[in-house]
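This report refers to the structure that appears directly beneath it.
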Amino acid sequence: MAEAGFFPGIILYLTYWYPAVRRSQMTAWFMSAAPLSGLIGGPVSGWILHHFHGHHGWAGWQWLFVLEGLPAVVLGIALINALGNLAGFFGPSIIGWVKQTSQSASGGILVLAGFMVLCAVLVLLTPKPQK
């Protein structure tokens with residue numbers, strides 16, 4: 001549900017960035033990313049599930065969650081910091097509210113990132129129900 005607007009949004013942006021003569025080629029490059037990510041990501045995920053299962057008492061899927069989610073969190077925080085004052089762009093959104101409450105855009109973003117990491121850790125550490 002959160003990604004529902006991603007594909008049409010990218011296609012819309014491609015109409016802004018590329019002239020009509022190059023748009024089909026750029027759309028093809030964009031659409032080829034999904035099968036390519038499956039081609040690379042599938043074996044990597046399988047390797048993580050197989051080789052990390054049982055380390056530190058975690059199941060393979062928990063390691064998969066951490067190892068594949070961590071780069072996205074780190075790059076997301078880096079991107080937000082690189083973009084500077086993102087809260088002013090979103091206005092009354094959650095980031096704007098956090099900026100207003102914490103008196104700092106980067107401090108508020110770090111609070112949000114910390115909250116997301118805390119939620120992920122709680123999910124990982126929740127014990128499996130006994131049968």
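The values are calculated or read from the model by the stated rules, or taken from the named source; none is laboratory data. Just so it is clear, the structure is predicted and the values come from calculations on it, not from any experiment. Cβ sites come from the backbone with ideal geometry, for glycine too, and all protein chains shown count toward neighbours.
Here are some notes:
- Among the residues making up the stretch 2-16, those that are surrounded by 10 or more Cβ atoms within 10 Å (Cβ to Cβ) and of a type in the set (A, V, I, L, M) are I10, I11, L12, L14.
- Condition met for V73 (assigned by TED's automatic domain parsing to the domain that holds M116 and at pLDDT below 90): yes
- The residue pairs whose first member lies in the stretch 1-18 and is closer than 16 Å to A34 by Cα and in the same structural domain as A33 (by TED's automatic domain parsing), whose second member is basic (K, R) and modelled with pLDDT of 85 or more, and whose beta carbons are closer than 6 Å, counting only pairs six or more residues apart or on different chains, do not exist in this structure.
- The condition (being under 22 Å from L118 (Cα atoms) and of a type outside the set (D, E, K, R)) is satisfied by just one residue among G38, G69: G69.
- Some residue of the stretch 104-123 being at pLDDT 90 or above and of a type in the set (V, I, T): no
- Among all positions in the stretch 29-45, there is at least one residue which is at pLDDT 65 or above and either touching a strand residue (DSSP E or B) at 6+ places or on another chain (Cβ under 8 Å) or within 25 Å of L125 (Cβ to Cβ) (or both).
- Single residue of the stretch 17-28 satisfying the filter (among the hydrophobic types (A, V, I, L, M, F, W, C) and over 13 Å from F7 (Cα atoms)) that is surrounded by the most Cβ atoms within 10 Å (Cβ to Cβ): M26
- Qualifying residue in the stretch 17-33 (condition: of a type in the set (A, V, I, L, M) and in contact with a Leu (Cβ under 8 Å, 6 or more places away or on another chain)): yes
- Boolean, I40 is of a type in the set (A, V, I, L, M, F, W, C), in contact (Cβ under 8 Å) with a residue 12 or more places away in the chain and assigned by TED's automatic domain parsing to the domain that holds F6: no
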